[in-house]
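Could you have a look at this structure, given as structure tokens, before my questions?
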Amino acid sequence: MKPHTTSPKTPRTYRVKSFGCQMNVYDGERMGELLAEKGIVPAPEGEEADLVVLNTCHIREKAAEKVYSDIGRLRREDGTSPLIAVAGCVAQAEGEEIMARAPAVSMVVGPQAYHRLPEMLDKAVKGERATDTDMPAIAKFDQLPKRKRRSPTAFLTVQEGCDKFCTYCVVPYTRGAEISRPYSDLIDEAHRLIEAGAREITLLGQNVNAWSGEDDKGRRLGLAGLIRALAKLDGMERIRYTTSHPNDMEDDLIAAHGEVAELMPYLHLPVQSGNNRVLKAMNRAHTAEGYLRLLERFREARPDIALSGDFIVGFPGETEAEFEDTLRLVDEVRYAAAFSFKYSPRPGTPAATMDNQIAKEVMDDRLQRLQARLNRDQLAFNQASVGKTCKVLVERKGKHEGQWLGKSPWLQSVWFDAPAAIGDMIEAELVEAGPNSIRGLVRERVASFG
Ligand code: 5AD
Ligand code: SF4
């Protein structure tokens, strides 16, 4: 077999494959914009790209193996590959090893360094391999091109990194310390997104509610202040934010849910476990009771708020009784949506070397039981929405001809059969609920995409 080599030449087309969280989706879009500045265009669907960026996720199992198999799959029959860049959190955590193990990779670039991708590319086309996993604080955002993406929904990274050091989590190591982007940059970027057609903006951060900044008059603001300012921008119709940590919830953010019409009635607030010993071992620094009290306050401010959470089953040492506390918490909250995972030991995190790692079969069983309840509650939440009339922002075509799909204020997928276009805001009656979507009947077309 011929050696696995790249064929250096200036790329004309690119493809960015983003895995994992929404932050990676945002970063992936920004990398695309950087490449577009160099005249490189997205590869047409189904065609091989000259440059492939694998924008990786390291949060759970088998992240690195997946990267190597993706690299293998890019190999052509003659042994060559397109230019390959590995970006994202696996690049940050295992960059050197990737360079050593995968000769087809010419660029390894961490999540805080991808603004340097164009320079790395100049080297790569000359056959030089480059790694950049520096964490130069905020520099990245200053050097990215202005946003041009045209879409009714958009992500806006407002905060990055995490100082919480939950004992299972790699994020503080791969994304670095908490930083907040400056207020004026965010207002600017939001303006541009709206000009490009965005009606809904989701503010992103690993700990988005730890965002802090100063407005143009020098007043200190938290996330609620930022949301209140963004809500006043002309054309801003919907604001969401994710992901939050229970310990950084300021009173004003809770109040904003009752006061800011543009702030959608949805809160993603991970709890991970319903047992206080496990929460302590996870270094979550809150209790199950504290979490429940917090949710109550959100419900008081906004009674129809849809709640969502993240859960980990089988954290080292978790007993059956401790797991049942998680089930009890779920029964009490009745989430509208949730994400649940089997604990995965991440190299370099404290929990990875704790005693009493839980057997896979036990984790499988617990995950199944937890998900059965979460699915039950998601369906119940959707069924309880039937009969309501609400606005739906149309995001894409549905599965069948003539069908469209959008989101309700509660982040439910709503589909309908009626003439529409991407970016339309429809007034729909919710008529039939499934576990993952709801059928709507269009009552009125409120506005269309400008
Ligand atoms: N194992 C399993 N799930 C994890 N998460 C983070 N780290 C791990 C891990 N080591 C989950 C948490 C977090 C979500 C983004 O991923 O639930 O909230
Ligand atoms: Fe990871 Fe915990 Fe930080 Fe979330 S709060 S990113 S789970 S360390």
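Across all directions of projection, what mean area in square nanometres is found for the Cα convex hull of the chain?
22.3 nm²
Among the DSSP beta bridges whose two residues both lie in the range 140-384, what percent are antiparallel, rounded to the nearest 5?
Among the beta bridges of the range 140-384, antiparallel pairing accounts for roughly 20 percent.
So if each residue of separation counts as 0.36 nm, and I subtract the Cα-Cα distance between R219 and S437, what length gain in nm does that give? Walk me through the numbers before you get to the answer.
Working: separation 218, 0.36 × 218 = 78.48 nm, distance 4.23 nm.
The span from R219 to S437 would gain 74.2 nm if fully extended.
Going 7 Å from the Cα of E33 along its beta-carbon direction, which residues of the range 108-145 have the amide nitrogen within less than 15 Å of the resulting point?
From the range 108-145, the list is 114-118, 139-145.
Under 8 Å for C-alpha pairs, at least 6 residues apart: give me the relative contact order for the range 5-136, rounded to a whole percent.
26 percent
Related question: Need the list of aspartates and glutamates near K388 for cross-linking: C-alpha distance under 12 angstrom, and skip anything on the same chain fewer than eight residues off.
Here the aspartates and glutamates satisfying the reach criterion relative to K388 are D304, E427, E429, E432.
Further question on the same structure: Give the span of the range 267-346's Cα atoms along each principal axis, as three whole-Å numbers ordered largest to smallest.
37, 21, 20
Please give the per residue accessible area of the chain, computed with a probe of 1.4 Å over protein heavy atoms only, in Å².
With all protein chains present, the chain gives 44 Å² per residue.
Let's test this: bin the Cα-Cα distances of the range 140-384 at 5 Å from zero up to the farthest pair and state each bin's percent.
1, 6, 13, 16, 17, 16, 13, 9, 6, 3, 1, 0
While we're here: Determine the alpha carbon to alpha carbon distance for each of K148/K399; K126/K148; K9/K38 and list only those over 20 Å.
K148/K399; K126/K148
What is the percent carbon and sulfur in the accessible area of the range 5-136, measuring with a 1.4 Å probe over the protein chains and ignoring ligands?
On the range 5-136, the fraction of accessible area on carbon and sulfur atoms equals 49 percent.
Calculate the radius of gyration of the Cα atoms of the range 306-450 to one decimal place, then report Dmax, the largest Cα-Cα distance, as a whole number, both in Å.
Cα only, the range 306-450: 19.7, 59 Å (Rg, Dmax).
Right, next: If the convex hull of the alpha-carbon atoms of the range 82-238 is projected onto planes in all directions, what is the mean projected area in square nanometres?
Directional mean of the projected Cα hull area for the range 82-238 stands at 10.7 nm².
For the chain, set up a GNM with springs between Cα atoms under 10 Å and report which of P172, P145, P44 has the largest fluctuation.
P44
Cross-link partners among lysines for K62, C-alpha distance below 25 Å, same-chain residues fewer than 8 apart left out?
K17, K164, K342, K360
At 0.36 nm per residue, and after removing the present C-alpha to C-alpha distance, how many nm does the segment from E195 to E332 gain when stretched out fully?
45.1 nm
Over all distinct alpha-carbon pairs, what is the Kirkwood Rh of the range 5-136 in angstrom?
Details: mean 1/r = 0.0696 Å⁻¹.
After inverting the pairwise mean of 1/r, the radius is 14.4 Å.
Which are the unpartnered cysteines of the chain, meaning those with no other cysteine Cβ under 4.7 Å from their Cβ?
Those would be C21, C57, C89, C162, C390, since no other cysteine Cβ in the chain comes under 4.7 Å of theirs.
Using every pair of alpha-carbon atoms in the range 400-450, split the distances into 10 Å bins beginning at 0 and state the percent of pairs per bin, rounded to integers.
26, 61, 13, 0
Hey, what's the Kirkwood Rh for the range 104-162 if you take every pair of different alpha carbons, in angstrom? Can you show the working numbers first?
Values: mean 1/r = 0.0755 Å⁻¹.
Hydrodynamic radius (Kirkwood, Cα only) of the range 104-162 equals 13.2 Å.
Let me ask something else. Can you compute the radius of gyration and Dmax for the range 202-258, using only the Cα atoms, both in Å?
Using the Cα atoms of the range 202-258, the pair Rg, Dmax is 11.1, 32 Å.
Quick one: of the DSSP bridges fully inside the chain, what percent are antiparallel, nearest 5?
Just about 40 percent of them are antiparallel.
Sticking with the crude label model, points 7 Å out along Cα→Cβ, report the distance from Q383 to R101 in nm, one decimal please.
4.7 nm
The values are calculated or read from the model by the stated rules, or taken from the named source; none is laboratory data. Quantities reported herein were computed from a predicted structural model and do not represent experimental measurements. A quick note on method: Cβ atoms are made from the backbone with ideal geometry, for glycine too, and the neighbour counts reach across all protein chains shown. These area figures cover heavy atoms from the full protein model, side chains too; ligands, DNA and RNA do not enter into them. Shrake-Rupley method; radii C 1.70, N 1.55, O 1.52, S 1.80 Å.
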